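The structure appears below as structure tokens.
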Amino acid sequence: MMIDYYKGRTTDGQKLALLAPLAESLRPDASANANFILLNRLSEELNSRDAHIGLSADDTALLAHIAEAKKCFVDFSAKDAYDKALVAAYQEEAAKRQNQAFLVAQPAFQTQSPDSYQGPKKAGLLRYLGLLGTVLATSLVLVFHLNLVLLLIIALVAFILFLLYAHEEKS
């Protein structure tokens with residue numbers, strides 16, 4: 001888990017409200033120097049507020065986060081390393097969430113004893129008979145040029161077999 005100073009949250013999606021001023025100021029497309037200057041301004045504002053009226057607990061925590069963020073934007077190489085680490089952290093979190101979703105969706109493995117096998121299901125047989133009837137009807141019409149009435153009768157029989165299959169599946 002890593003803190004994304006650009007968005008003001010952690011890489012696992014937890015929003016950090018005290019980082020809102022950082023998220024509003026920092027931009028990933030800005031240079032390291034520009035982001036560092038913004039962090040310095042925020043730090044100076046908080047320090048001047050501390051000198052005049054004192055800091056709240058949130059402001060103190062924000063000042064600590066600013067000090068950490070400054071380390072990430074000292075120069076181009078530090079910003080580049082931070083950006084790469086941030087991308088890697090997001091990818092790791094996405095992979096972790098994907099694995100968790102896979103494990104939740106995957107049913108537990110169950111073994112089947114040889115005695116519990118009941119043979120082919122009747123509905124499967126009806127399905128194959130319906131498919132066979134459709135193929136035969138099409139073949140007969142194409143090969144022997146049978147009339148359309150015969151084709152409709154065979155198609156109706158195939159449709160009835162499909163309905164029986166659907167009824168068996170619901171039971």
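Worth pointing out:
- Evaluating Asp58 against the criteria (1) at pLDDT 75 or above; (2) within 18 Å of Thr11 (Cβ to Cβ) leaves one unmet condition, (2).
- The number of residues in the stretch 35-57 being more than 27 Å from Asp83 (Cβ to Cβ) and either touching a strand residue (DSSP E or B) at 6+ places or on another chain (Cβ under 7 Å) or acidic (Asp, Glu) (or both) comes to 1.
- Wholly within the stretch 6-105, helices (runs of 4 or more DSSP H) carrying at least 2 residues that are of a type in the set (Ser, Thr, Tyr) and over 25 Å from the mean Cα position of the chain (by Cα): 32-52
- Total residues in the stretch 60-80, condition aliphatic (A, V, I, L, M), in contact (Cβ under 8 Å) with a residue 24 or more places away in the chain and open to solvent by less than 80 Å² (accessible area, probe 1.4 Å): 6
Let's see how each residue does on (1) at pLDDT 70 or above; (2) over 30 Å from Gly13 (Cα atoms); (3) surrounded by 11 or more Cβ atoms within 10 Å (Cβ to Cβ):
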| site | (1), (2), (3) |
| --- | --- |
| Lys84 | yes, no, no |
| Glu92 | yes, no, yes |
| Arg97 | yes, no, yes |
| Val104 | no, no, no |
| Gln112 | no, yes, no |
| His145 | no, yes, no |
| Leu150 | yes, yes, yes |
| Ala155 | yes, yes, yes |
| Ala158 | yes, yes, yes |
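- Search result, residues across the stretch 13-28 that are open to solvent by 70 Å² or more (accessible area, probe 1.4 Å) and farther than 16 Å from Phe73 by Cβ: Gln14, Lys15, Ala17
- All positions within the stretch 29-59 that are under 13 Å from Phe73 (Cα atoms) and either open to solvent by 80 Å² or more (accessible area, probe 1.4 Å) or out of contact with any Asp or Glu (no Cβ under 7 Å at 6 or more places or on another chain) (or both): Asp29, Ala30, Ser31, Asn33, Ala34, Asn35, Phe36, Ile37, Leu38, Leu39, Asn40
- Residue that is closer than 20 Å to Ala85 by Cβ and in contact (Cβ under 8 Å) with a residue 12 or more places away in the chain, where the choices are Ala32, Ala20: Ala32
The values are calculated or read from the model by the stated rules, or taken from the named source; none is laboratory data. Just so it is clear, the structure is predicted and the values come from calculations on it, not from any experiment. So basically every Cβ, Gly included, is an ideal-geometry build from the backbone, and we count neighbours across all protein chains shown. Note: areas computed on protein heavy atoms with side chains; ligands, DNA, RNA excluded. Shrake-Rupley method; radii C 1.70, N 1.55, O 1.52, S 1.80 Å.
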